[in-house]
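One structure is given below, encoded as structure tokens.
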Amino acid sequence: MAGAVGFIGLGNMGRPMALNLVKHGFALVVNDVDPRALEPLRDRGATVAASAERVAAASERTIVMVETTAQAESVIAGEQGIVRGAGPGHIVLCMSTIDPFVARRLGDMLAGRGIAMLDAPVSGGTARAASGELSIIAGGDAATFEACRDVFRAMGTNLFHVGALGQGLAMKLVNNMLIQVNRVAVAEALVMGVKAGLDPRTIYDVIRVSTGTSFAFETGVPKILARDFTPGGKVDISYKDQELETAFAKQLGVPLLLANVTQQVYQMARAMGLGQQEGLAVVKVFERFAGIEVRGKA
């Protein structure tokens, strides 16, 4: 499918994703509320548009990669939103992690105007966004998914079509719930071990080849030991995602215990001023209560 691709939202995830599209030869039309975020794309030949409406008017497919449900609603359906500039046949790729029910409502509104929509959230963090190795988990019409496979391949290596509109987001929330709960468990375990007198590096060496290991443990502990809390996924974003998870579960009538409890740990971290740090910074909550710090050579 030829034609320019629009990209709205050039933050920690959106920027490297957009750069990979440029790298793969796509003509890009971009927009972001932060003018500084536009420069790396402008420098590589992308066209800057003044609004989401103008992005859509200048492209055939528009990617939305903003942080919150409210932002996605504004970008897609607001006064200067995509719906004002897109014509019949346009495709909206909502790659933000937002409320699945809102995504379906937006999709229905767009469909009434002849505009298709996929929800296609991503997993892999900023490192895989930069390398173009994201997992992309899409919901929506299968033919629309196939029409966008070229765009997805430029940003990801694991492409999944999991069902109707909203199902990509449902799958993403299941995945996020697991990693966010697991990070809190890792933080608790590390602090307990260090408080007991164990060397944190030894904890890492033993657990990563034992039954307690996990992706969160293997990738997160080295960063904690190095005190590297540079955000790949911020505490604020983890809290926002858990709010989506718990609200979604309530609408489904599903009880969630660990997601609700661990969300309060992320809230405690936010109250400590850690909202813009990596989600692993929740370890600092337990460190403060235990009176120790987890540090060592990873």
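Computed quantities for the displayed model
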quantity	calculated
Condition met for residue 74 (of a type in the set (Gly, Ala, Ser) and closer than 26 Å to residue 215 by Cα)	no
Segments classed as helices (runs of 4 or more DSSP H), wholly inside the range 1-116, with at least 3 members that are of a type in the set (A, V, I, L, M, F, W, C) and surrounded by 16 or more Cβ atoms within 10 Å (Cβ to Cβ)	14-23, 35-42, 52-57, 69-77, 100-111
Matching residues in the range 123-141 - criterion: being surrounded by fewer than 24 Cβ atoms within 10 Å (Cβ to Cβ) and within 17 Å of residue 62 (Cβ to Cβ)	141
Those residues of the range 160-174 which are part of a helix (DSSP H, G or I) and either among the β-branched types (Val, Ile, Thr) or touching a Ser or Thr at 6+ places or on another chain (Cβ under 6 Å) (or both), in sequence order	172, 174
Where a residue in the range 109-121 is modelled with pLDDT of 95 or more and its partner, wherever it lies, is outside any strand (DSSP E or B) and basic (Lys, Arg), with Cβ under 6 Å and at least six apart	121/172
Number of the condition not met by residue 143 [criteria: (1) in contact (Cβ under 8 Å) with a residue 24 or more places away in the chain; (2) outside any loop (DSSP other than H, G, I, E, B)]	(1)
Tally, over the range 143-164, of residues that are of a type in the set (Asp, Glu) and touching a helix residue (DSSP H, G or I) at 6+ places or on another chain (Cβ under 9 Å)	0
Output for the range 40-83, where each listed residue is in contact with a strand residue (DSSP E or B) (Cβ under 6 Å, 6 or more places away or on another chain), within 30 Å of residue 238 (Cβ to Cβ) and of a type in the set (S, T, N, Q)	62
Some residue of the range 178-191 being part of a helix (DSSP H, G or I), surrounded by fewer than 20 Cβ atoms within 10 Å (Cβ to Cβ) and either small (Gly, Ala, Ser) or not assigned by TED's automatic domain parsing to the domain that holds residue 229 (or both)	yes
Residue count, the range 253-298 (criterion: assigned to a helix (DSSP H, G or I) and either touching a Ser or Thr at 6+ places or on another chain (Cβ under 7 Å) or not hydrophobic (A, V, I, L, M, F, W, C) (or both))	12
Filter pass, residue 165 being within 27 Å of residue 67 (Cβ to Cβ) and buried (at least 18 other Cβ atoms within 10 Å of the Cβ)	yes
Candidates 144, 157, filtered to the one that is in contact with a Leu (Cβ under 7 Å, 6 or more places away or on another chain) and surrounded by fewer than 20 Cβ atoms within 10 Å (Cβ to Cβ)	144
Residue list for the range 247-278, filter: at pLDDT 95 or above and closer than 19 Å to residue 122 by Cα	248
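Yes/no matrix, rows are residues, columns are (1) modelled with pLDDT of 95 or more; (2) of a type in the set (A, V, I, L, M, F, W, C); (3) in a helix (DSSP H, G or I):
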residue	(1), (2), (3)
193	yes, no, yes
204	yes, no, yes
209	yes, yes, no
212	yes, no, no
218	yes, no, yes
221	yes, yes, yes
224	yes, yes, yes
242	yes, no, yes
245	yes, no, yes
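The values are calculated or read from the model by the stated rules, or taken from the named source; none is laboratory data. Remember, predicted model here, so these are calculated numbers, not experimental data. Using ideal geometry, Cβ is built from the backbone for each residue, glycine included, and neighbour counts are taken over all protein chains shown.
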